[in-house]
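Worksheet for the structure shown next.
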Amino acid sequence: MVNSQTPSASHTAGAGQKRRYETPLVLLLYAILTIAMTYPAAFFLRTKVMGGPADNFHFLWELWYVAHALFDLHKSPFFDPDVFVPFGFSLIRNQDLSPGTVLLFSPLTHFFGEVFTYNFLILASFVLTAFGTYLLARELWSNRLAAFLAGIIVGFCPYRFAHAGGHLSIVSTQWIPFFFLYLERLISRPRLKNAVLTGVFFGLSAWTTWYYFFMVPLAALFYVAFRVDWKEPGKDARHLLKLGVATVGVALIFVLPFLIPYYLATHGGVVDYRGAGESQAFAAALADYVIPPTTHFLWGPAVGRLWRAGPNGLWQSEWQLYLGAVALVLAAAGIFHPRRRVAAALIAMALGCLVFSFGPGLYFTHPPTLDPNTNDVALSAIPAPGRLLRQLPGFNNLRGWSRLGFFVELSVGLLAAAGLTRILDWLRERFHTPANVQTAVAVVTMALVLFDLFPQPTAMTIVAPRAVDQWLVRQPGDFAFMEYPVANHGYGGPAIYSTRLTGKRIIMGSSQNPPNLVYWSDLSAFPSPFTLDVLYRWGAKYVLVDENVYRAGSSFWNIYQTWDTLRSAIEASPRLNEVTVLSGVHVYEIGSGVQKEGRGLPVNGSFEQGSNKVLPECEPTLFITPNPVPVLAGQPGRVAVSWNSRCSPESRITLTTDGSAEEIFARGQSGLKFLDGIKPGVRYEFRLYTPGRTEPVQTASLTAGERTDTIVADPNPVLPGSGLGRTRISWATLAGADAEVCVSQDGGPEQLFARGASGSAEVPWIAAGSSYEFRLYAREQPRRLLAKTIVKR
């Protein structure tokens, strides 16, 4: 009897030993894959972040500010008065807080810093998403090799890599597979423990982002509808429903502390609802699911040129939803797995989320935007169910409907695991294939999937203060500053993170619903006196202006400025005193408006005429910016007209076009008004009248020149000296479409230098005696040369 029981005991012990080592081994393998597929991110945990400087810096600020408020300032972390001065920034009202990342890991941020915490959370999301999917697939198909494949497909899917470059909350998908794991266990083994854990993991998913608060239940609805067989013997419907109520109760405990204030903010007029055009723009197109990622290590660049050019490449961070050729073939085989109800539930979830990911309507590829200044596109003529779902509260405030694509990728990954299980079972049953051969087949399949998904080395951005940030740190006092151009520096992730680097307050920031939005048109008229009045009234001491970006031109609120137009206007303003220039960033101190000795506005307010006469205290001012105005061919330009009649309580502004009769343009003692429709070759003259005067007290002429695609180098030629020379390349395209900059040395083959509709990058490798031709191309088919410049030393 002892002998007969010994093998059984030995087998049980061996199985237990395997289970004991299974979890750490699987986690280790996924960690190794994460390090390899996100290379070199793991080697710069404290100094760099994945992706270019954008939303990733916004999340760096969130991590830092919440931990700083809790542990250092001992105050509420939900409001920062130093951002969007003087309004301040409410993280609750803007629906900007991610409790599942920012709040939950604030102790980690406090002890290790926001850069380390950000990178740790990004990398951990890869490991945990893959591991959760592994557990779920093992639960469904009872095959560890197939389950490991599912973890690879889902944990390292293009959706996650696209969002890893900046969207900490969206890439935190790790709790979703665990939610479906315990949902499946709740259906197959109805227990209170499974009900509670289903609610816990839903709560954690909702904590990462409100997108998953709405999308996880939608996906679960399709899964449950086809997974539950109420006619199954022994199925107690009432018991299962009671457990479902327990799940909802646990979930509410997690979400209500944040759901209630968010709901009040949304219904209090603070948060704007997303328009249907914007929802359509950020929805998926059918082609997104079959276009390979542009980050692929081998064919990514070709994909970018062929299929992600023009409008179809505008929002790649949202549209990289490639399902994978190998995964789709395996998923097709998985449809016929003997567990038909599970397969049907996954098919339903995949198709349901696919249809809803199209948002208001179905496009096969993405259409162009209706207006270059908005994100809106025309609604598709083929309506999708999302158009109806947008009528429900909460769903009407969702922008990125394409994010439902993750649930499509999850379903396909799980079905692919079912397909591999069927293939391995078939090999064993039909050919009596040994276990090691089956393992080899599975490993080869995994290798093919990895080849299909493997990305290029991850782009990294160093997190460090600029020279101007270090200068601001040394300045005494508690003051605010404004930075131009707004599109590049004043608004966005790097802008809001500058409060961490400088310790100073900022006029702008980063937000989906900026509290000072109604003043953006006023801010676009810089350096008009009206804009300076606004900034000074808000407590701004300095204005930072990046010459490097303006050399190629920059647009904000339809006001397009170049360094030539901006510099002349700044020099004409008596209220802007240049303090220093650091790496091309000019720092100007804003005066109160009291005239300084030796400086003043030209008598006619038109800086291009160059008068040096100092205005008396009551002298009216008339200011136009930009002047001359660069205009796109076929697209009229815009200028800002600022005036102040000073001691006179009333005034009027008239406009003449090419010597025509005067027309009233504006009235009031002072103000700011915009003139649209500026055309090249037409002469515009503005006249300022005060009561009792028949002659204008100020006049200003406006001219327009045709604007072109631009690429410039500064300095050029590069200054002589020892070693290699340095210059800075700046570029901008007219329509804001995606572009790329290539360089050819001494007539040799082109090499890619940079990408983007506009930008500025330093070149530290200019050799004496060589000639470098930098060429600006439109990334569309056929490829077009837009502009070029030759750099010599």
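The values are calculated or read from the model by the stated rules, or taken from the named source; none is laboratory data. These numbers come from a predicted model, not from an experiment. Cβ atoms come from the backbone with ideal geometry, glycine included; neighbour counts cover every protein chain shown. Heads up: the accessible areas ignore ligands, DNA and RNA and are worked out on the full protein's heavy atoms, side chains in. Shrake-Rupley method; radii C 1.70, N 1.55, O 1.52, S 1.80 Å.
Points to keep in mind about this one:
- Magnitude of the charge dipole, the stretch 447-594, Cβ model with Lys/Arg +1 and Asp/Glu -1, debye to 20: 300
- In order along the stretch 670-678, phi translates into HN-Hα couplings of 8, x, 9, 9, 9, 10, 9, x, 5 Hz, rounded to whole numbers, per the Karplus curve 6.51 cos²θ - 1.76 cosθ + 1.60 with θ = phi - 60° and x for Gly and Pro.
- Extreme residue, positive dipole direction of the chain, given options 458, 552, 521 (C-beta unit charges): 458
- Total charge dipole magnitude, the chain, about the Cα centre, Cβ charges on Lys, Arg, Asp, Glu only, Debye to nearest 20: 2460
- Placing a pseudo-label 7 Å from each Cα along the Cα-to-Cβ vector at residue 54 and residue 537 gives an inter-label distance of 3.5 nm.
- Ordering 295, 722, 661 by Cα displacement along the dipole of the chain toward the positive end leaves 295 in first place; charges were set at the Cβ atoms of Lys, Arg (+1) and Asp, Glu (-1).
- Computed helical MRE - 222 nm, the chain, DSSP H runs ≥ 4 contributing -39500 (n - 2.57), nearest 500: -13000 deg cm²/dmol
- If the chain linking residue 788 and residue 20 were pulled fully straight, counting 0.36 nm for each residue of separation and taking away their Cα-Cα distance, it would gain 270.2 nm.
- Neighbour net charge for residue 377 - beta-carbon separation under 11 angstrom, K R +1, D E -1: -3
- Whole-percent carbon and sulfur share, accessible surface of the chain, 1.4 Å: 60
- Over the chain, equivalent-ellipsoid semi-axes from the Cα gyration tensor in Å: 56, 29, 25
- Our coupling estimate for the stretch 533-540, obtained by passing each phi through the Karplus curve with A = 6.51, B = -1.76, C = 1.60 and θ = phi - 60°, is 4, 4, 5, 5, 5, 7, x, 6 Hz, Gly and Pro reported as x.
- Packing-based ranking, highest mean first, of 426-436, 511-521, 203-213 given that Cβ atoms within 10 Å are counted: 203-213, 511-521, 426-436
- Cα long-axis angle, helix 192-208 against the chain (0 to 90 degrees, to the nearest 10): 20
- Per the Debye calculation on the stretch 93-224 with a single equal scatterer at every Cα and no solvent contribution, log₁₀ I(q)/I(0) for q = 0.11, 0.12, 0.14 Å⁻¹ amounts to -0.41, -0.48, -0.65.
- Once the chain from residue 376 to residue 332 is taken as fully extended at 0.36 nm per residue, the excess over their C-alpha distance is 12.2 nm.
- Helix axis angle, 175-188 relative to the chain longest principal axis, alpha carbon, degrees: 30
- Heavy-atom accessible area with a 1.4 Å probe sorts 239, 296, largest first, into 239, 296.
- Amide H contacts of residue 576 (H built 1.01 Å from N, in plane; Pro and chain starts excluded): 591 sit under 5 Å, all sequence-distant by 5 or more or on other chains.
- Computed over the stretch 209-360: relative contact order in percent, which uses C-alpha pairs under 8 Å that are six or more apart: 38
- When you count the other C-beta atoms within 10 angstrom of each residue and take the mean per peptide, 343-350, 620-627 line up highest first as 620-627, 343-350.
- Accessible surface calculations at 1.4 Å, restricted to protein heavy atoms, place the chain at 43 Å² per residue.
- Neighbour net charge for residue 366 - beta-carbon separation under 15 angstrom, K R +1, D E -1: -3
- Nearest-ten-degree value, helix 55-67 long axis tilted from longest Cα axis of the chain: 80
- Cysteines in the chain that, by Cβ-Cβ distance, have no pairing candidate under 4.7 Å: 157, 353, 742
- Dipole of the chain, positive direction: furthest Cα of 542, 743, 125, with charges on the beta-carbon: 125
- Across the chain, the relative contact order, built from alpha-carbon pairs under 8 Å that are at least six residues apart, equals 11 percent.
- Computed lengthening from residue 287 to residue 580, 0.36 nm per intervening residue step minus Cα-Cα distance: 100.4 nm
- Whole-Hz ³J(HN,Hα) from phi, Karplus 6.51 cos²θ - 1.76 cosθ + 1.60, for the stretch 738-754, glycine and proline x: 5, 8, 9, 10, 10, 10, 10, 9, 6, x, x, x, 6, 10, 5, 9, 6
- By the equivalent-ellipsoid construction on the alpha carbon gyration tensor, the stretch 151-216 comes out with semi-axes of 25, 14, 7 Å, ordered largest to smallest.
- Per-residue accessible area (protein heavy atoms, 1.4 Å probe) orders 74, 366 as 74, 366, starting from the largest.
- Counting only protein heavy atoms and using a 1.4 Å probe, the accessible area of residue 687 comes to about 60 Å².
- Near residue 357: Cβ cut-off under 9 Å, other residues only, Lys/Arg at +1 and Asp/Glu at -1. The net charge is 0.
- Each peptide in 275-282, 46-53, 458-465 receives the mean, over its residues, of other Cβ atoms within 10 Å, and ordering these scores from highest gives 275-282, 46-53, 458-465.
- All C-alpha pair distances within the stretch 439-566, sorted into 10 Å bins from zero, spread as 11, 34, 27, 9, 9, 8, 3, 0 percent across the bins.
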